[in-house]
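My structure is below; once you've seen it, I'll send some questions.
Values in this text are rule-based calculations from the coordinates and carry no lab data. Owing to the predicted nature of the structure, the values given are computational and were not obtained by experimental measurement. Cβ coordinates were reconstructed from backbone atoms using ideal geometry, including for glycine residues, and neighbour counts include every protein chain displayed.
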Amino acid sequence: MILDHEPDIEVVGEAGDGEDAVDQAARCDPDVVLMDIRMPVIDGVEATGRIVAHNPAIRVLILTTFDLDEYAFGALRAGASGFLLKDVPPDELAAGIRTVASGDAVVSPRITRRLLDECAHLLVSSSTEQTGPGAAALAGLTSREVEVLVAVADGLSNAEIGRRLFVSEATVKSHVGRILGKLGLRDRVQAVVYAFQTGIVRPESRS
């Protein structure tokens, strides 16, 4: 009902469970899937992984609550492009859909910090080291780009990163774009996960 009132958003399908969501996504070819985490048959994490694997162009936006942080991060690792709280105001919901449809990610700095504080250990095992393909790609970043990547992983917005590094917001945006390109990542969400999985940022090192 909320989305039907948005002139630039068309609801092309609705699903009652995770498996149905996967089928609907394949059949309707949407730009964005608004995904709940807890659903019958298969949950939102598995459904997200299947949808993105079948069609990487589809963007998945997760609806979550703080008591489901672990599952929210599982969905991000599966390829989701962001998350919103279930009680998000209607205008923010529509704005989030537009954001991921445009190719960006919905990552509220406030929510990201809390999620990382509570769940970063899920992304890093004791054996994770900066080796392999991830480390090779990392070597292609400049020192400034590494600084920006660390700040992104810390949940900072472009404006906050600019203030930290004493550069303009536009410069930060350019850095983020180059980082994503060099690392072969789709958006900021994947950059956060990458930073933890490669050990650039570790839970114990965060303030």
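For the pair residue 95 and residue 150, how long in nm is the line joining their label points, each one 7 Å along Cα→Cβ?
Result for the modelled spin labels: 3.1 nm.
Right, next: Where does the charge balance sit around residue 58 when Lys and Arg score +1, Asp and Glu -1, over other residues with C-beta under 10 Å from its C-beta?
-1
While we're on this one: From the phi angles alone, apply the Karplus equation (6.51, -1.76, 1.60; θ = phi - 60°) to the stretch 187-200 and give each ³J(HN,Hα) in whole Hz, x where the residue is Gly or Pro.
Ordered by residue, 3J(HN,Hα) equals 7, 5, 4, 5, 5, 4, 4, 4, 4, 7, 5, 8, x, 4 Hz.
Name the long-range amide H neighbours of residue 34: under 5 Å, sequence gap of 5 or more, or other chain; modelled H, no Pro or chain starts.
Residues meeting the amide H criterion: 61.
What's the FRET efficiency of residue 2 with residue 139 using the Cβ-Cβ distance as r and R₀ = 30 Å, to the nearest 0.05?
That gives a FRET efficiency of 0.05.
With a Förster radius of 35 Å, plug the Cβ-Cβ distance of residue 182 and residue 29 into 1/(1 + (r/R0)^6) and report the FRET value to the nearest 0.05.
0.75
Let me ask something else. At 7 Å along the Cα-to-beta-carbon direction for both residue 11 and residue 170, put a label point, then send me their distance in nm to one decimal.
Reported label-point gap for residue 11 and residue 170 is 4.0 nm.
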